[in-house]
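Trainee: Quick one: the structure is below, and I'll ask about it shortly.
The values are calculated or read from the model by the stated rules, or taken from the named source; none is laboratory data. None of the values given here were measured: they were computed from a predicted structure. Positions of Cβ are backbone-derived with ideal geometry, glycine not excepted, and every protein chain shown enters the neighbour counts. Just so you know, the surface numbers come from the protein's heavy atoms only, side chains and all, with ligands and any DNA or RNA stripped out. Shrake-Rupley method; radii C 1.70, N 1.55, O 1.52, S 1.80 Å.
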There are 4 protein chains.
Amino acid sequence: MILFVLNGDGSTLKEKLSSTSASYKFLNLYGKNLALAWPDSEVENIRDPSIEIVVKTKRSYVLAGNEWKKDPTKVNVGKVEIGGKKVVVAAGPCAVESEEQTETVAREVKKAGASLLRGGAYKPRTSPYSFQGLGEEGLKILKKASEQTGLPVVSEILDARDRDAFARYVDMVQIGARNSQNFTLLREMGKLGKPVLLKRGLGNTVEELIQSAEYILMEGNGNVVLCERGIRTFEKSTRFTLDIGGMVAGKLMTHLPFCADPSHPAGKRELVHSLALASVAAGADMLLIEVHPKPEVALSDSEQQLTPESFSLLMERVRGLASVLGRSA
Amino acid sequence: MILFVLNGDGSTLKEKLSSTSASYKFLNLYGKNLALAWPDSEVENIRDPSIEIVVKTKRSYVLAGNEWKKDPTKVNVGKVEIGGKKVVVAAGPCAVESEEQTETVAREVKKAGASLLRGGAYKPRTSPYSFQGLGEEGLKILKKASEQTGLPVVSEILDARDRDAFARYVDMVQIGARNSQNFTLLREMGKLGKPVLLKRGLGNTVEELIQSAEYILMEGNGNVVLCERGIRTFEKSTRFTLDIGGMVAGKLMTHLPFCADPSHPAGKRELVHSLALASVAAGADMLLIEVHPKPEVALSDSEQQLTPESFSLLMERVRGLASVLGRSA
Amino acid sequence: MILFVLNGDGSTLKEKLSSTSASYKFLNLYGKNLALAWPDSEVENIRDPSIEIVVKTKRSYVLAGNEWKKDPTKVNVGKVEIGGKKVVVAAGPCAVESEEQTETVAREVKKAGASLLRGGAYKPRTSPYSFQGLGEEGLKILKKASEQTGLPVVSEILDARDRDAFARYVDMVQIGARNSQNFTLLREMGKLGKPVLLKRGLGNTVEELIQSAEYILMEGNGNVVLCERGIRTFEKSTRFTLDIGGMVAGKLMTHLPFCADPSHPAGKRELVHSLALASVAAGADMLLIEVHPKPEVALSDSEQQLTPESFSLLMERVRGLASVLGRSA
Amino acid sequence: MILFVLNGDGSTLKEKLSSTSASYKFLNLYGKNLALAWPDSEVENIRDPSIEIVVKTKRSYVLAGNEWKKDPTKVNVGKVEIGGKKVVVAAGPCAVESEEQTETVAREVKKAGASLLRGGAYKPRTSPYSFQGLGEEGLKILKKASEQTGLPVVSEILDARDRDAFARYVDMVQIGARNSQNFTLLREMGKLGKPVLLKRGLGNTVEELIQSAEYILMEGNGNVVLCERGIRTFEKSTRFTLDIGGMVAGKLMTHLPFCADPSHPAGKRELVHSLALASVAAGADMLLIEVHPKPEVALSDSEQQLTPESFSLLMERVRGLASVLGRSA
């Protein structure tokens, strides 16, 4: 497809496009008026004074690509900026289990230096007999913990019909690995307009992850953070294989920031620190860490959640690392 | 969890369960009243005259498993029975493009011996700029072709909000690879009650596929056909790796019938016949084959769709094979 | 590189090549005099009356490819022809354990219709503490069983220094999955001149398998059968993932025949029949099946070896299948 | 199997073992006299005053495991210690092409802070038509460059018959990914006694890598460094997937040090720095980096070799990182 970056509203271009049989879409992204049009053959000879830049790409994505936007995108969640100098850490329990558990963790991770509170209210579980989360009640608990600590909240949405509850209680919406190519949900989150943390599917390439982001950007929502969380391979000493190389290669393909989730691929907490540090050394803009006040009694992912003490130590190590990389944490 | 197979409506059991703190669910499946309850420790000592059989399993699924139901399940789609002696073939275009294209293919595949008409109206596309399908219009075209040929229709649903259109126009609802762990959609299709063709996700194990089916069965809908369609591996001479071994292993784990889709893993039509025959030889109950009147101008999956002539030859070969395996086609 | 198919001994061509700085190699393969030369730029303008055909390929292999040799290669092992109409079955124990065990199996598999006796004398074991095989003693036992039954023997070589023993006792030399890219061993087996059964490595593509065969062919030994035996993937319900699609794709790339080994990917004997039948349906020229008189006491691969009774039934099923495919078994 | 750590030469134990039907092996490793014996049932009741510690393991390796040896092993190559506080960097060209090229690189990497010179003389190439290396001539060139710079040399062996040349010219012998389960070569390198850099096979698990090391240790050679160099997965934006999680998990299973090779998985030089830094942050004891004076004209792996300037910058970054991790480089 072809992307036109415009210097006005492009009304004259719109007229010209409407006289072809091409598909097109006008949108505003990162403060720029843009027009997408395809197939190329219908539109490549169009000239219009509103056109500032033309990007004709062979890639299967363009808005999320860095051919038209060279500067790294910074995504703001409340006052937290992801994609800037600071390595942003989101931490909290795998699942919200109770007000007390959530508030305890929130206070602890805040104290240790986390910038965002993560917690699952709607849990996607491979088995229908596993704990499915507290639902909207869980979102309210997160909201309360957020108000107490000042940490914005990131939580996963499973069903577009819950959008109003997420709009109300959550600051950043997570799309999980299993929904990474749920195009219905991607479009809806594009329309919702909230910052999105988009996880890579277990069986998806980095390029497909960026294409999924394209669905969100196409709706005019450019606040997307991509998340590497491990892929399925034959190796079984870890739960998933954290594809740090894929993240590094991805950063050359897109202007969007990257988060790394070391907790899920680790599968056991002894490995989380090393994977977190490796991710930061490789250039991750954000970390997503599972922390539970008492991991051994957690209702899900018991093996991989850090204690608050261990998380606090990790934050120290991340800060040390970030400092020699010219960043902060 | 524990599964109780009941000889009545289990009202006395329900009372006993309600006096514990266990979670439980009563449902009717394959003509049997069942009760599921968990965690085990709360319910394993319950005795009740309504309990015919108790199944306590270590697996992460039970309704879809063959510990309580030894006989293979037969799924009926209109007059077509999947899981019986006959190898059922569903054929048709990757995407419904027009009335003429669809009706032409429908007639051709009917003549060649197909039992079901497949065709995509809502297309899940990795790139938002690829052809997204005709939507409800496509379903209507399929319905019309179905009425002309008598072939029931199978088509993929992407969004639970389209359930009414699928209820009206479609005989079997397909859940595609990308939605294989979209638990919202699985539950909704369980409630819809139509037969479901459930595809395995690119990065999912066979066990996870069966667990996804469990979500549908839990809603009282037992008419589920599992579909092997290739997984992601390092091998690149095919588009995906058709996991015939996984299908064979899966058949030992579940009573549900298995479909194989040789078109998607092949990626090119020269490979489709061999993969289809291999699938039947390995025990597939159903085949899903992409056929297009003019594959070279198809709007999607152009490389892998068979011509009607090639499909007709394939049906002959499948029939020959089925006959020596004690089956028909 | 460039391949010249010659109509004489090419002495004049050799002179011309020697006057360039190109690398070249003359050899005789399948009764044809051939010359290989590279890099292309040095030789593409050479003209010589001895040149019958010139093949300039972009592939990374040429001798094993079907650009110069369209007809399928038939590999003869004693009187057994692999790659012709008959599906050739090699059967026998994973490991030779004793004379009695081997001779019992040899008689049984012969009776059931096998054409070759397989058995491991030198066992490549992941752990140094597993049974390593009887070594040369094992080869002698195989030879004796071969003389009793008339079945030629196929057995795996691990170390090029054992070549004399293999020359003496074995009819077809197997290069196992772990040595699939042991280029030293490949070259030596090329020089030995015996038929080779070359297995695909666990982490190798089909193209790499064909490139490994190229090393053998380059030494003038064209009697190579390629063997698909399963690759490493994330799926764990089978031991390896039998890549039937890769085999089918491979058959379009090479003139060499393909064997399938359903025993190793199965990992458990319940799956072996289905995988064997699927392989034959997909076009395998040969099957390699593990059979043990008492699998439950086998010193290796106990779980996946068939009993003689089960093997006999499998042969019946293979014959039935082969007949409808226009082949025999 | 059972491992006995002895406080003498174990002659009385040897007598007792010889009176059973068990297999056993005495060896000296890391200054300790050890006896291995299996199967367990034959030996578990043996008592002897020479036995200091008994390790009965369920793992498939024991010498390379950390059940009997808790302290991390330090491998000495000349004066260079691998596994200690310093992150050791081996650098040099993929292939030795000429004296000048090798000596130039050797001087440059020495100046930048490398501790070892790497370079391939015998090259394992997937295609027989690719550059196969200079052979023994290449080893001599490396030796000369080593004498000029004082950097010990690490180079890959393909064929056990070249052992004398390696004994003469090389300080550390590399076993490459394709030979990771070439048990013949592993045993021979165990006997040679030189330090070994053992790479993980493309399709091998971390546990299998450690089992391969066990073959070397069993011959009394404990100087083994394990090397993570990327595995085969479906992701194609990198050449291989560097499995940093596998390395971290491996460090919990063995006392042997780990090297990471970021060059091969990267496939392109833009990714090498990030993968190298990630490896160090995750705990790698050694890095193996390809450096070429003019990568664009390299005879192999042209895309992934660093220039000397880029390598020098990488060393600075590695030193910075090492310092905050309490290490040096």
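Trainee: Of everything in the range C:282-323 that's of a type in the set (Asp, Glu) and more than 25 Å from B:ARG319 (Cα to Cα), which residue is surrounded by the most Cβ atoms within 10 Å (Cβ to Cβ)? Give the steps one after another, and end with the answer.
Mentor: Our first condition is that a residue be of a type in the set (Asp, Glu); within the range C:282-323, this holds for C:285, C:290, C:296, C:301, C:303, C:309, C:316.
Among the residues that remain, those that are also more than 25 Å from B:ARG319 (Cα to Cα) are: C:290, C:296, C:301, C:303, C:309.
Working: C:GLU290: 28, C:GLU296: 9, C:ASP301: 20, C:GLU303: 14, C:GLU309: 11.
By that ranking, first place goes to C:GLU290.
Trainee: To continue, here is another question. Filter the range B:26-61 down to residues that are small (Gly, Ala, Ser) and part of a strand (DSSP E or B) and give me whichever is nearest to B:MET218 (Cα to Cα).
Mentor: Here is the first cut: in the range B:26-61, the ones small (Gly, Ala, Ser) are B:31, B:35, B:37, B:41, B:50, B:60.
If we keep only those that are part of a strand (DSSP E or B) as well, we get B:35, B:37.
Working: B:ALA35: 10, B:ALA37: 12 Å.
Within the range B:26-61, the match that is nearest to B:MET218 (Cα to Cα) is B:ALA35.
Trainee: Which members of the range C:223-245 meet the condition of being of a type in the set (A, V, I, L, M, F, W, C), open to solvent by less than 10 Å² (accessible area, probe 1.4 Å) and touching a residue at least 24 places away in the same chain (Cβ under 8 Å)? Full working, then the answer.
Mentor: Taking the range C:223-245 first, the residues of a type in the set (A, V, I, L, M, F, W, C) are C:224-227, C:231, C:234, C:240, C:242, C:244.
Remaining after also requiring open to solvent by less than 10 Å² (accessible area, probe 1.4 Å): C:224-227, C:231, C:234, C:242, C:244.
C:VAL224, C:VAL225, C:LEU226, C:CYS227, C:ILE231, C:LEU242, C:ILE244 - these are the residues of the range C:223-245 that are of a type in the set (A, V, I, L, M, F, W, C), open to solvent by less than 10 Å² (accessible area, probe 1.4 Å) and touching a residue at least 24 places away in the same chain (Cβ under 8 Å).
Trainee: Please indicate, with yes or no, whether at least one residue in the range C:40-57 is within 25 Å of the chain's Cα centre (by Cα) and at pLDDT below 95.
Mentor: Filtering the range C:40-57 down to residues within 25 Å of the chain's Cα centre (by Cα) leaves C:57.
From the residues that got through so far, the ones that are at pLDDT below 95 too are C:57.
Within the range C:40-57, one or more residues are within 25 Å of the chain's Cα centre (by Cα) and at pLDDT below 95.
Trainee: Could I ask something else about it? Please specify each residue of the range B:151-176 satisfying the condition of being among the aliphatic types (A, V, I, L, M) and open to solvent by less than 20 Å² (accessible area, probe 1.4 Å).
Mentor: If we filter the range B:151-176 for residues that are among the aliphatic types (A, V, I, L, M), which is where we start, we get B:151, B:153-154, B:157-158, B:160, B:165, B:167, B:170, B:172-173, B:175.
Scanning the range B:151-176 gives B:LEU151, B:VAL153, B:VAL154, B:ILE157, B:ALA160, B:ALA165, B:VAL170, B:MET172, B:VAL173, B:ILE175.
Trainee: Counting only residues that are within 14 Å of chain B (Cβ to nearest Cβ) and under 26 Å from C:LEU134 (Cα atoms), how many does the range C:299-329 have?
Mentor: 2
Trainee: Next question, about the same structure. Looking only at residues in the range C:46-85 that are under 29 Å from C:VAL153 (Cβ atoms) and of a type in the set (D, E, K, R), which one is farthest from the other protein chains (Cβ to nearest Cβ)?
Mentor: By that ranking, first place goes to C:LYS79.
Trainee: Inside the range D:81-95, can you point out the residues that are surrounded by 20 or more Cβ atoms within 10 Å (Cβ to Cβ) and not in a loop (DSSP other than H, G, I, E, B)?
Mentor: Listed by number, the residues that qualify are D:ILE82, D:VAL88, D:VAL89, D:ALA90, D:ALA91, D:GLY92, D:ALA95.
Trainee: Filter the range A:13-39 for residues that are of a type in the set (Gly, Ala, Ser), open to solvent by 40 Å² or more (accessible area, probe 1.4 Å) and modelled with pLDDT under 95; which is nearest to A:LYS191 (Cα to Cα)? So that I can check it myself, show each step before the final result.
Mentor: Taking the range A:13-39 first, the residues of a type in the set (Gly, Ala, Ser) are A:18-19, A:21-23, A:31, A:35, A:37.
From what's left, open to solvent by 40 Å² or more (accessible area, probe 1.4 Å): A:18-19, A:21, A:23, A:31.
Then drop every residue that is not modelled with pLDDT under 95, which leaves A:18-19, A:21, A:23.
Working: A:SER18: 24, A:SER19: 28, A:SER21: 26, A:SER23: 20 Å.
Applying the filter and picking the extreme gives A:SER23.
Trainee: Is it true that some residue in the range B:114-122 is in a loop (DSSP other than H, G, I, E, B), within 18 Å of B:GLU99 (Cβ to Cβ) and in contact with an Asp or Glu (Cβ under 8 Å, 6 or more places away or on another chain)? Break it down stepwise before answering.
Mentor: Initially, the range B:114-122 is screened for residues in a loop (DSSP other than H, G, I, E, B), giving B:114-115, B:119, B:121-122.
Checking which are within 18 Å of B:GLU99 (Cβ to Cβ) leaves us with B:119, B:121-122.
Now drop any that are not in contact with an Asp or Glu (Cβ under 8 Å, 6 or more places away or on another chain), which leaves B:121-122.
The answer is yes; a qualifying residue exists.
Trainee: Can C:THR238 be described as over 26 Å from A:PHE234 (Cα atoms) and more than 16 Å from the chain's Cα centre (by Cα)? It would help to see each step written out before you state the result.
Mentor: Working: over 26 Å from A:PHE234 (Cα atoms): no; more than 16 Å from the chain's Cα centre (by Cα): yes.
Answer is no for this residue.
Trainee: Would you say A:GLU81 is among the acidic types (Asp, Glu), free of Cβ contacts under 8 Å to residues at least 60 places away in the same chain and assigned by TED's automatic domain parsing to the domain that holds A:SER279? Please lay out each step first, then the result.
Mentor: On the way: among the acidic types (Asp, Glu): yes; free of Cβ contacts under 8 Å to residues at least 60 places away in the same chain: yes; assigned by TED's automatic domain parsing to the domain that holds A:SER279: yes.
Judged against the criteria, A:GLU81 is a match.
Trainee: May I ask you to list the residues in the range C:271-293 that are out of contact with any helix residue (DSSP H, G or I) (no Cβ under 8 Å at 6 or more places or on another chain) and not hydrophobic (A, V, I, L, M, F, W, C)? Walk me through it before giving the result.
Mentor: Applying the first criterion (out of contact with any helix residue (DSSP H, G or I) (no Cβ under 8 Å at 6 or more places or on another chain)) to the range C:271-293 yields C:285-286.
Scanning the range C:271-293 gives a single hit, C:ASP285.
Trainee: Another question about this same structure. Being farther than 29 Å from B:GLY203 by Cα and either in the same structural domain as D:ARG317 (by TED's automatic domain parsing) or touching a Lys or Arg at 6+ places or on another chain (Cβ under 9 Å) (or both) is the requirement here; does D:MET189 meet it?
Mentor: On the way: farther than 29 Å from B:GLY203 by Cα: yes; either in the same structural domain as D:ARG317 (by TED's automatic domain parsing) or touching a Lys or Arg at 6+ places or on another chain (Cβ under 9 Å) (or both): yes.
Yes: the conditions hold for D:MET189.
Trainee: Would you pick out the residues in the range C:96-132 that are within 14 Å of another protein chain (Cβ to nearest Cβ), over 20 Å from D:MET1 (Cβ atoms) and open to solvent by less than 20 Å² (accessible area, probe 1.4 Å)? Give the steps one after another, and end with the answer.
Mentor: First pass over the range C:96-132, keeping only residues within 14 Å of another protein chain (Cβ to nearest Cβ): C:120, C:122-132.
Next, from what is left, pick out any that are over 20 Å from D:MET1 (Cβ atoms): C:120, C:122.
Passing the criteria: only C:GLY120.
Trainee: What residue, of B:LEU151, B:LEU134, is of a type outside the set (Val, Ile, Thr) and either closer than 29 Å to A:ARG200 by Cα or part of a helix (DSSP H, G or I) (or both)? Give the derivation first.
Mentor: Values: B:LEU151 fails: either closer than 29 Å to A:ARG200 by Cα or part of a helix (DSSP H, G or I) (or both).
Only one candidate qualifies: B:LEU134.
Trainee: Could you name every one of the helices (runs of 4 or more DSSP H) located completely within the range A:177-284 that has at least 1 residues being within 10 Å of chain B (Cβ to nearest Cβ)?
Mentor: Details: elements: A:183-192, A:206-217, A:244-251, A:263-266, A:272-281.
Filter on the range A:177-284 gives A:183-192, A:206-217.
Trainee: Kindly indicate whether D:PHE166 is more than 9 Å from chain C (Cβ to nearest Cβ), within 30 Å of D:GLU270 (Cα to Cα) and aromatic (Phe, Trp, Tyr). Quick ask: steps written out before the conclusion?
Mentor: Working: more than 9 Å from chain C (Cβ to nearest Cβ): yes; within 30 Å of D:GLU270 (Cα to Cα): no; aromatic (Phe, Trp, Tyr): yes.
For D:PHE166, the condition - more than 9 Å from chain C (Cβ to nearest Cβ), within 30 Å of D:GLU270 (Cα to Cα) and aromatic (Phe, Trp, Tyr) - is not met.
Trainee: Another one. Take B:GLU214 and decide whether it is at pLDDT 95 or above, surrounded by fewer than 23 Cβ atoms within 10 Å (Cβ to Cβ) and not aliphatic (A, V, I, L, M). Full working, then the answer.
Mentor: Numbers: at pLDDT 95 or above: yes; surrounded by fewer than 23 Cβ atoms within 10 Å (Cβ to Cβ): no; not aliphatic (A, V, I, L, M): yes.
So B:GLU214 does not fit the description; no.
Trainee: Okay, moving on. Scan C:ALA329, C:ALA278 and give me the residue that is closer than 24 Å to C:MET172 by Cα and small (Gly, Ala, Ser). Can you show your working first?
Mentor: Numbers: C:ALA278 fails: closer than 24 Å to C:MET172 by Cα.
Matching residue, one of C:ALA329, C:ALA278: C:ALA329.
Trainee: To continue, here is another question. Which of the residues spanning the range A:283-304 are in contact with a strand residue (DSSP E or B) (Cβ under 8 Å, 6 or more places away or on another chain) and either of a type in the set (S, T, N, Q) or without any contact (Cβ under 8 Å) to a residue 40 or more places away in the chain (or both)? First the steps, then the outcome.
Mentor: Of the range A:283-304, the ones in contact with a strand residue (DSSP E or B) (Cβ under 8 Å, 6 or more places away or on another chain) are A:283-292, A:295, A:298-301, A:304.
Across the range A:283-304, the qualifying residues are A:GLY283, A:PRO295, A:SER300, A:GLN304.
Trainee: If you don't mind, another one. Is one or more of the residues making up the range D:133-146 under 30 Å from A:GLU235 (Cα atoms), in contact (Cβ under 8 Å) with a residue 24 or more places away in the chain, crowded, with 19+ Cβ neighbours inside 10 Å and within 12 Å of chain C (Cβ to nearest Cβ)? Quick ask: steps written out before the conclusion?
Mentor: So the first thing to find is which residues in the range D:133-146 are under 30 Å from A:GLU235 (Cα atoms), and the list is none.
No; the residues of the range D:133-146 include none that is under 30 Å from A:GLU235 (Cα atoms), in contact (Cβ under 8 Å) with a residue 24 or more places away in the chain, crowded, with 19+ Cβ neighbours inside 10 Å and within 12 Å of chain C (Cβ to nearest Cβ).
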